[in-house]
Amino acid sequence: QPYEKIKARGLPDNIASVLNKLVVVKLNGGLGTSMGCKGPKSLIGVRNENTFLDLTVQQIEHLNKSYNTDVPLVLMNSFNTDDDTKKILQKYSHSRVKIYTFNQSRYPRINKETLLPIAKDVSYSGENTECWYPPGHGDIYASFYNSGLLDNLIAEGKEYIFVSNIDNLGATVDLYILNHLMNPPNGKRCEFVMEVTNKTRADVKGGTLTQYENKLRLVEIAQVPKAHVDEFKSVSKFKIFNTNNLWIALSAIKRLQEKNAIDMEIIVNPKTLDGGLNVIQLETAVGAAIKSFENSLGINVPRSRFLPVKTTSDLLLVMSNLYSLNAGSLTMSEKREFPTVPLVKLGSSFTKVQDYLRRFESIPDMLELDHLTVSGDVTFGKNVSLKGTVIIIANHGDRIDIPAGALLENKIVSGNLRILDH
């Protein structure tokens, strides 16, 4: 369904009573390793010293204060993130958000050759830490149920969870979708809603929704045979992809979990450990369970609800003046004339957050940027403006310093600092 249609219904007067049935769940099992950070990814600073977790707490606190409600935050941690997250949660003890945590399972990595677990025993310490992994966010159903938290929340009168990745800064509580769930137009409530959004060239790997035997299903790229991968990536054939913003009925999770009826395809994730050992991780994805629920629905939401920060290229976008921050929510600046996000590709010298931060004296003005590619040893002075298409390539052994106050508009800057018109 198009989001516009759901928004057009407006909001009821008693939106607070609807909000009081909601729980926000953030998937917080991931480490910041892909961005060169130790510890939970949610503790990386994203905007004015605020971390992903800070922004999440601010959003929900703003909601609770505005509507005088009690929407709790639940974090699904993994054994990798639990200790560090719990330490940091003390700082929110006076905020107007109840915060709960539960842990994902811990599964043994499997030797690719022997197909046996590589762990010698069940301990998790010393050299044995490499032997275990959290089995993907599909594990939420069993772990949430087993933790006892699911039953406690149902007993408190909560009816729906809104699940999203903690690194998706667009995943804020949407009152129109919540109202659609609680007060469905045809009287029959959805047990599962998946927010999808239109694919662009940047999202060709995202999972897509299909209908099969009268049920919605999520198809992920890992499940597609090699011969069909290009077809799967096509923007014309599969127009939408899963944002992993999901709205799920608590009673349905309980019912299905008790019947052991949640069926998710297993994703085989091959990995190579630091010592060179090839292992297999078996994982599941939270959205894959959509086919087990009754009356599920996909809602085609605006792109602004999908703003993931997976790399420092993404981080540059959300730190820049393209977005303004208000009560923990990022919104595209009104000064940008078109609502699409620039395509930013920062090279390997920028992969780690600390290197990235060192290379920008201040974040450039990007309001009129379409495309930025940076490769090699490049640094940016203060108050640089980037417009149109800007490509900066320092050859091996060369270094390019973009001077403070520079304006680069449709420029190619190459090896020996010649600035060419693009």
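Values in this text are rule-based calculations from the coordinates and carry no lab data. Small disclaimer: the values here were computed from a predicted structure and weren't measured. Cβ coordinates were reconstructed from backbone atoms using ideal geometry, including for glycine residues, and neighbour counts include every protein chain displayed.
Annotations for the structure displayed:
- Taking amide H atoms as placed 1.01 Å from N in the peptide plane, the amide H of residue 323 lies under 5 Å from those of 333, each 5 or more residues away in sequence or on another chain.
- Scoring 167-178, 379-390 by mean Cβ neighbours within 10 Å over their residues and listing the highest first yields 167-178, 379-390.
- This structure gives semi-axes √(5λ) of the Cα gyration tensor in Å, computed directly, and of (i) 54, 30, 22; (ii) 36, 28, 22; (iii) 43, 30, 23 that value is listed as (ii).
- In region 21-67, the trypsin sites (Lys or Arg not before Pro) that fall in loop regions by DSSP, at most 15 other Cβ within 10 Å: 38
- Peptide ranges 121-128, 155-162, 303-310 listed from the most packed, as the mean C-beta count within 10 angstrom indicates: 303-310, 155-162, 121-128
- Sites residue 338 and residue 222, calculated FRET efficiency, Cβ-Cβ separation with R0 25 Å, nearest 0.05: 0.15
- Mean Cβ neighbour count within 10 Å, used as a protection proxy, ranking 205-213, 396-404, 332-340 highest first: 205-213, 396-404, 332-340
- Region 320-353 versus region 203-252: alpha-carbon centroid distance in Å: 26
- Tensor-based shape of region 110-262 (alpha-carbon gyration tensor, a/c under 1.5 rounded, otherwise prolate or oblate): oblate
- Separation of region 2-28 and region 57-72, taken as the distance between their Cα centroids, equals 13 angstrom.
- Modelled label reach - residue 4, point 7 Å along Cα→Cβ, region 331-370 residues with backbone N closer than 19 Å: 338-340
- Antiparallel bridges, percent of DSSP beta bridges restricted to the chain (to nearest 5): 45
- Close amide-amide hydrogen proximity is noted between residue 299 and 194, 195, 196, each under 5 Å apart and 5 or more residues distant or on a separate chain (H modeled in the peptide plane; Pro and chain starts excluded).
- Simple spin-label estimate for residue 235 and residue 382 in nanometres, 7 Å along Cα-Cβ: 3.9
- Here each label is just a point 7 Å from Cα along the line to Cβ, and for residue 120 and residue 327 those points are 5.6 nm apart.
- Taking region 312-414 and dividing mean pair separation by its residue count, relative contact order in percent (alpha carbons under 8 Å, at least six apart): 22
- Legend: distances between Cα atoms for 188/291; 205/237; 38/382; pairs beyond 22 Å are 38/382.
- Loop-located trypsin sites (Lys or Arg not before Pro) in region 232-261, at most 10 other Cβ atoms within 10 Å (DSSP): 259
- Normalising the average separation of contacting C-alpha pairs (under 8 angstrom, six or more residues apart) by the number of residues puts the relative contact order of the chain at 15 percent.
- Intensity falloff of region 1-144 expressed as log10 I(q)/I(0), Debye formula with alpha-carbon point scatterers, at q = 0.15, 0.19 Å⁻¹: -0.90, -1.19
- Residues whose amide H comes within less than 5 Å of that of residue 344, counting only those at least five positions distant or on another chain, are 372 (H built at 1.01 Å from N in the peptide plane).
- Straightening the chain between residue 84 and residue 353 buys 95.0 nm, computed as 0.36 nm per residue apart minus the Cα-Cα spacing.
- Applied to region 372-388, the Karplus parametrisation 6.51 cos²θ - 1.76 cosθ + 1.60 on θ = phi - 60° returns per-residue 3J(HN,Hα) values of 10, 10, 10, 9, x, 7, 10, 10, 10, x, 6, 6, 7, 10, 10, 9, x Hz, with x for Gly and Pro.
- Within region 271-422, antiparallel bridges make up roughly 30 percent of the DSSP beta bridges whose residues both belong there.
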